Amino acid sequence: APQSNNSTTFVSKTQHYLKVKKPLLERQRRARMNKCLDTLKTLVAEFQGDDAILRMDKAEMLEAALVFMRKQVV
């Protein structure tokens, strides 16, 4: 239980950042990455005309997307 003594309840900005802000920012970053990966997956499936990429895990999907883009450049 928190104590009323100010010296024991003080939390530094660094402690607050490490305990609260950093995990929140990490969740937001991961959510943005997952949203972009889903968009990329959908786009590649649409351009390839093949839904197989939709069932791949993230690493496989990124590899397939790179292969697809390299073929388009050549």
Charge dipole of the chain built from unit charges on the beta carbon (Lys, Arg +1; Asp, Glu -1), centred at mean Cα; most positive-end Cα among 54, 18, 28 is 18
Could you go through the range 47-62 in sequence order and give the Karplus-derived ³J(HN,Hα) for each residue, using 6.51 cos²θ - 1.76 cosθ + 1.60 with θ = phi - 60°, rounded to whole Hz, and x for Gly and Pro?
5, 7, x, 9, 7, 4, 5, 5, 9, 7, 6, 4, 5, 4, 5, 5
Straight-distance crosslink candidates among lysines, where the alpha carbon sits under 30 Å from residue 19 and sequence neighbours closer than 8 are dropped
35, 58
Per residue accessible area in Å² of the range 14-73, where ligands, DNA and RNA are left out and the probe is 1.4 Å
84
If R0 = 25 Å, then residue 31 and residue 68, at their Cβ-Cβ distance, give a FRET efficiency to the nearest 0.05 of 0.50
Mean separation of Cα contacts under 8 Å (6+ apart) over length of the chain, as relative contact order %
19
Taking 7 Å along the Cα-to-C-beta vector as the label spot, tell me the residue 59-residue 16 distance in nanometres, rounded to one decimal.
3.9
Radius of gyration and Dmax for the chain's Cα atoms, expressed in Å?
21.7, 69
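The values are calculated or read from the model by the stated rules, or taken from the named source; none is laboratory data. Here the structure is a predicted model, which means the values were calculated and not measured. Cβ atoms come from the backbone with ideal geometry, glycine included; neighbour counts cover every protein chain shown. Accessible surface areas use protein heavy atoms only, side chains included; no ligands, DNA or RNA. Shrake-Rupley method; radii C 1.70, N 1.55, O 1.52, S 1.80 Å.
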